[in-house]
Amino acid sequence: MKKVILASSSPRRRELLAQIGIEFDVRVSEQEEIYYSTVPEEIVKELALLKAEHVAENMQEEERAGKVIIGADTVVVQDGRILGKPQGEKEAFRMLKELQGRSHEVYTGTALLYFEGKEKKTVNRAVKTNVYVHAMTEGEIQAYIASGEPLDKAGAYGIQGKFAAFIERIEGDYYNVVGLPVSLVYQCLKKWNLTG
């Protein structure tokens, strides 16, 4: 079994970990996502930790020894409101109409649990990236929705897909917007001598 376990079903997070050369197994947390925070930065940290801890709880103590479990959660925030995954094309249109011609924030919470002997080390951080979107015509929004790309993504867009045509600029970590701040993950694994 590999030393890193990704507690996420996201294909984008898998691609990002593979891209930086991390070997990992996937164990998806089936935990219901309940949070108590009201601030986006705290919500993503809470949910990332919940996912990682749920996967850890479902493993035997000897099975977790020497392993790192990574949980992550990403939200798109516009005017203080969290934009989740759209519940259909109508909602996707409304979200994209709100985002176009303006800036918004993307927060990804990342929790790493490292089980070293009897000790558990925890890193739980939120990373914020500001995203600026060009003005879009209604036709451009409809064409993007017709591609099917926005329907399984927070905020109704994927920066790494067709929506790249409408990204004016970002301030911060690009990979954070895709769904995982991989440099944060790598630096933690490096500190724990788990990158080799």
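Values in this text are rule-based calculations from the coordinates and carry no lab data. Quantities reported herein were computed from a predicted structural model and do not represent experimental measurements. Here Cβ is always computed from backbone atoms with ideal geometry, including for glycine, and neighbour counts include all displayed protein chains.
What to note about this one:
- What you get for the chain, charging only the Cβ of Lys and Arg (+1) and of Asp and Glu (-1), is a dipole of about 460 debye around the Cα centre.
- Modelled this way, with points 7 Å down the Cα-to-C-beta line, the labels at Ser183 and Lys90 are 4.3 nm from one another.
- One decimal place: the segment Ser103-Ala143 gains 12.3 nm when fully extended, by the rule 0.36 nm per residue minus the C-alpha distance.
- Summarising the label geometry, the points placed 7 Å from Cα in the beta-carbon direction at Ser9 and Lys120 lie 2.4 nm from one another.
- Maximal additional length on extending the Asn193-Leu151 stretch stands at 11.3 nm, based on 0.36 nm per residue less the C-alpha distance.
- Nearest-0.05 FRET efficiency for Asn58 and Ile167, computed from C-beta distance (R0 35 Å): 0.40
- Each Cα pair under 8 Å and six or more residues apart adds its separation to the average, and for the range 27-110 the resulting relative contact order is 36 percent.
- Interchain or long-range residues, amide H under 5 Å from Gly84's placed H: Gly155
- Taking the chain and dividing mean pair separation by its residue count, relative contact order in percent (alpha carbons under 8 Å, at least six apart): 22 percent
- Applying both filters, DSSP loop and at most 13 other Cβ atoms within 10 Å, to the GluC sites (Glu not before Pro) of the range 100-155 eliminates every site.
- Measuring between their Cα centroids, the range 35-105 and the range 129-196 lie 13 Å from each other.
- Once both labels are positioned 7 Å from their Cα atoms along Cα-to-Cβ, the gap between Gln19 and Tyr132 label points is 2.2 nm.
- Equivalent ellipsoid of the range 67-111: semi-axes from √(5λ) of the C-alpha gyration tensor, largest first, are 26, 13, 7 Å.
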